[in-house]
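The values are calculated or read from the model by the stated rules, or taken from the named source; none is laboratory data. Keep in mind it's a predicted model, so treat the numbers as computed, not measured. FYI the Cβ positions are ideal-geometry reconstructions off the backbone, even for glycines, and counts take in every protein chain you see.
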Amino acid sequence: MKDTYRERIKEEQKKLSPSQVFFSEGYRKLFRDLANEVAGEKLEQLLLYQSTEDGLAGWNDGKRIGINIDNLITGSFLELEQKSDSLIGILGHECGHARFTDSALRKVYVQNMLAGVWYPDAPEPENEDEEKALNEMDTCLAGKNPVVVPLLTECASYISNLLNDVYIEEKMCSLFPGSIKKGILINRRRNVEWIPPLKELLEGNSDPVSVFLKVLVQYALRGYANSWNMESCEMLDTLNEVKQFVDLSVTADSDLIRYQATNQILLKMWKYFRNLLEELKQECQEPEENEEDHHIHTPRYPLGVTILPCKICVAALPTKTVVNISTAVSSSSASVSSRAVWPSRPMQRTSPQTVCGPLPLSRRMRTAFCR
């Protein structure tokens, strides 16, 4: 009789949809209590919402935190319990940013890079090749090169965000070694699982910058690069050179150290930028398909650390349902409204990165070369 009863419970559980569970009053209370516990005094509002359009798993703007129930990371897990663990991990990640990330300093770093200025300091070359590389980078930055500056800024934003993510996740796992740590780690594993081995990346992608960033993500999130089917290559040597900066970023209490580490990694990567810039020069000689689209700038590298599979099919129609949960203990039940939520700082972007071929080149970059 007990086995039959348990089987009936399991069958009923299978009928539940994620939205039925995660928007229920009990689950909202769980999230509210967790947010109050782990975010500190900075959090004023927690938003649970569904969106297959905004491409985010979670975000925070310093006072509010948003968790996308329909994000692709959580959706990739089959069981409701796993999905719940994933959402709690995303909540822990965003609460970590609320506690430990200096959003104003991040803005200063990106603005300086866009202005062609190293912040907090220029990277320090370790050999003659790096001295030459630094001179080339300084020339491009000082001259406000319309191709190099946007590209370096995008990569700097990507790398600094990655280093910051790893730092705040390590802090949160140390402070909350239970469900928060469990959720963070399963999301990390899923991110890394979606990145192919290095040999496949090199064979299927002509953009060396994109390939190295994926390898860097593997090491930062899991402590190794997936190169099981190759003994050695030049890119692994470069990864070994930058490991010290990633490792330093995990433990350093100052965001300035992580931004300086980002600059050092950019210097080590400059040889890959050279190859990419040569490719862009060749691309600009090809006729444009649509001259009217020259002003459109599509970032090559996302601002978060999510790397998705090559192909993702979403059958569900896009929806946007937002549940506003006040973090005050005495608050009333959460209200539901259907409005868009526009975040200030994304944690994870779920824009697919094609790994079976080169990433689309920015028309703005190609146009700049042709002027």
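General observations
- Residues (in contact with a helix residue (DSSP H, G or I) (Cβ under 6 Å, 6 or more places away or on another chain) and assigned to a loop (DSSP other than H, G, I, E, B)) located in region 136-160: 146, 147
- Pairs with Cβ under 6 Å, 6+ apart, first in region 180-193 and within 19 Å of residue 219 (Cβ to Cβ), second assigned to a helix (DSSP H, G or I) and of a type in the set (Lys, Arg): 192/222
- Only listed residue being closer than 18 Å to residue 88 by Cβ, charged (D, E, K, R) and surrounded by 10 or more Cβ atoms within 10 Å (Cβ to Cβ), chosen from 7, 53, 37: 37
- Some residue of region 155-169 being touching a residue at least 40 places away in the same chain (Cβ under 8 Å) and in contact with a strand residue (DSSP E or B) (Cβ under 9 Å, 6 or more places away or on another chain): yes
- Residue check, residue 265 within 20 Å of residue 153 (Cβ to Cβ), assigned to a helix (DSSP H, G or I) and modelled with pLDDT of 95 or more: yes
- Cβ-Cβ distances below 9 Å connect the following pairs, each with a first residue in region 36-64 that is more than 19 Å from residue 86 (Cβ to Cβ) and without any contact (Cβ under 8 Å) to a residue 60 or more places away in the chain, a second residue that is among the small types (Gly, Ala, Ser) and assigned to a loop (DSSP other than H, G, I, E, B), and a separation of six or more residues or different chains: 42/62; 64/344.
- Cβ-Cβ distances below 6 Å connect the following pairs, each with a first residue in region 220-232 that is surrounded by 12 or more Cβ atoms within 10 Å (Cβ to Cβ), a second residue that is part of a helix (DSSP H, G or I) and of a type in the set (D, E, K, R), and a separation of six or more residues or different chains: 221/188; 230/199.
- Only residues that are out of contact with any strand residue (DSSP E or B) (no Cβ under 6 Å at 6 or more places or on another chain), modelled with pLDDT of 80 or more and either surrounded by fewer than 10 Cβ atoms within 10 Å (Cβ to Cβ) or in a helix (DSSP H, G or I) (or both) were counted in region 12-28, giving 9.
- Single unsatisfied condition, residue 49 versus (1) within 24 Å of the chain's Cα centre (by Cα); (2) assigned to a helix (DSSP H, G or I); (3) farther than 25 Å from residue 175 by Cα: (2)
- Search result, residues across region 238-267 that are crowded, with 19+ Cβ neighbours inside 10 Å and either of a type outside the set (S, T, N, Q) or in contact with a Cys (Cβ under 6 Å, 6 or more places away or on another chain) (or both): 239, 242, 245, 246, 255, 258, 259, 261, 265, 266, 267
- Test: residue 115 is farther than 30 Å from residue 30 by Cβ and out of contact with any helix residue (DSSP H, G or I) (no Cβ under 8 Å at 6 or more places or on another chain): yes
- Restricting region 81-129 to residues that are without any contact (Cβ under 8 Å) to a residue 60 or more places away in the chain and part of a loop (DSSP other than H, G, I, E, B), the residue that is surrounded by the fewest Cβ atoms within 10 Å (Cβ to Cβ): 127
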